[in-house]
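Colleague: I'd like to ask some things about the structure below.
Throughout, read-outs are computed from the coordinates displayed, never taken from laboratory work. Since this is a predicted model, take the numbers as computed values, not measurements. Cβ sites come from the backbone with ideal geometry, for glycine too, and all protein chains shown count toward neighbours.
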Amino acid sequence: APKAIIAPSILSADFAQLGADCVRTMEQGADWLHVDIMDGHFVPNITFGAPVVAKVRKHVEPPSAKYGRGTFDCHMMIAEPKKWVKEFKNAGCDLYCFHYEAAFSSAAESPEGHSDAKTSPNELIRYIHDCGLLAGIALKPSTGVDVLNDILENPDEKERPDMVLIMTVEPGFGGQKFMASELPKVEALRKKYPNLNIEVDGGLGPGTIDQAADAGANVIVAGSAVFGAKDPSEVISMLRDTVNK
Ligand code: DX5
Ligand code: ZN
């Protein structure tokens, strides 16, 4: 499997000092920052949008290369993912991870003026790449992993995702209980794709990382486990060592 990438979720940060919290988390050893965007439609919660990401980006050094340290991994829990790609690119997002379940929804007129009646995951991935971003595709617990077959086998590299995110909680809130029931999806993907970046998100921490690592996940999101820790650096290196062992 590819090497561990630890991506603390800033959903558990102090939003009143987000910039400082992000800098500190990078200093504590984070590889990426996982940025949870929620619109109150796709999930029953609202976080923040592109203007906040743009301000926070200014505090953290941009990543030097593909998947570099400081990558802004934006997890788009939004109903109209195509509509916001350019906005988030301009805000400094590096990886735009949309939900499969939202990819078919109609995108109304975007702030840039283009309109698209319908889209598909492949078209959306191509569009994200054309906008200069890495593309991720996320699955909710209720979505079977087989929906990814055609997407991952697409002969056109531009239409294949750079990362798959398997949710291990229902998206919407931090601090929920890890769902081990989702790990067979990770195992199935890892078996077929030894080099794929497979991210897990929800309930990850020292108590659950073994199962996730055994299943083959290499990109580890952790919100409450990192921000709630007495020693976040220790938790970050423990998560990394477990994946890399
Ligand atoms: C939940 C978010 C997660 C969340 C994880 O919808 O996608 O990224 O912040 O938080 P923990 O690690 O506390 O489960
Ligand atoms: Zn997330």
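Colleague: What does the charge dipole of the chain about its Cα centre add up to, to the nearest 20 debye, if the Cβ of each Lys and Arg holds +1 and the Cβ of each Asp and Glu holds -1?
Modeller: Roughly 300 debye, rounded to the nearest 20.
Colleague: A further question on this structure: Under a 10 Å cutoff between Cα atoms, tell me which one of 45, 218, 149 has the largest fluctuation in the Gaussian network model of the chain.
Modeller: Most flexible of the set in this elastic network: 149.
Colleague: Using a 10 Å Cβ count of at most 12 others and DSSP loop calls, identify the longest part of the chain lacking such GluC sites (Glu not before Pro).
Modeller: Here the longest run is 1-108.
Colleague: Related question: If you take every residue apart from residue 5 with its C-beta less than 14 Å away from the C-beta of residue 5, what net charge results, scoring Lys and Arg +1 and Asp and Glu -1?
Modeller: Result for the local shell: -3.
Colleague: Another question, then. What Kirkwood hydrodynamic radius do you get for region 1-145 when you take the inverse of the mean 1/r over all pairs of distinct Cα atoms, in Å?
Modeller: In region 1-145 this quantity evaluates to 15.6 Å.
Colleague: I need the per residue convex hull volume for the chain, using only the alpha carbons, in cubic angstrom as a whole number.
Modeller: About 113 Å³ per residue, rounded to a whole number.
Colleague: Using a 10 Å cut-off around each Cβ, can you sort 26, 77 from fewest to most neighbouring Cβ atoms?
Modeller: Result, fewest neighbours first: 26, 77.
Colleague: For region 120-140 and region 196-245, what is the separation of their Cα centres, given in Å?
Modeller: Spelled out, the Cα-based centre of one part sits 25 Å from the other.
Colleague: If you check each cysteine of the chain for another cysteine whose beta-carbon is under 4.7 Å away, which ones come up empty?
Modeller: 22, 97, 131, each lacking another Cys Cβ under 4.7 Å.
Colleague: Here's a follow-up. Let's see if you can work this out: charge +1 on each Lys and Arg Cβ, -1 on each Asp and Glu Cβ, no other charges. What is the dipole magnitude of region 153-245 about its Cα centre, in debye to the nearest 20?
Modeller: 180
Colleague: Suppose every Lys and Arg Cβ carries +1 and every Asp and Glu Cβ carries -1, with no other charges. What dipole size does region 21-86 come out with about its Cα centre, to the nearest 20 debye?
Modeller: Dipole size: approximately 300 debye.
Colleague: How charged is the neighbourhood of residue 54? Take every other residue with its Cβ under 12 Å from the Cβ of residue 54, and add Lys/Arg as +1 and Asp/Glu as -1.
Modeller: Around residue 54, the charge tally is +3.
Colleague: Restricting to Cα pairs below 8 Å that are 6+ residues apart, what does the relative contact order work out to for the chain? Please round to a whole percent.
Modeller: With pairs under 8 Å counted, the relative contact order is 21 percent.
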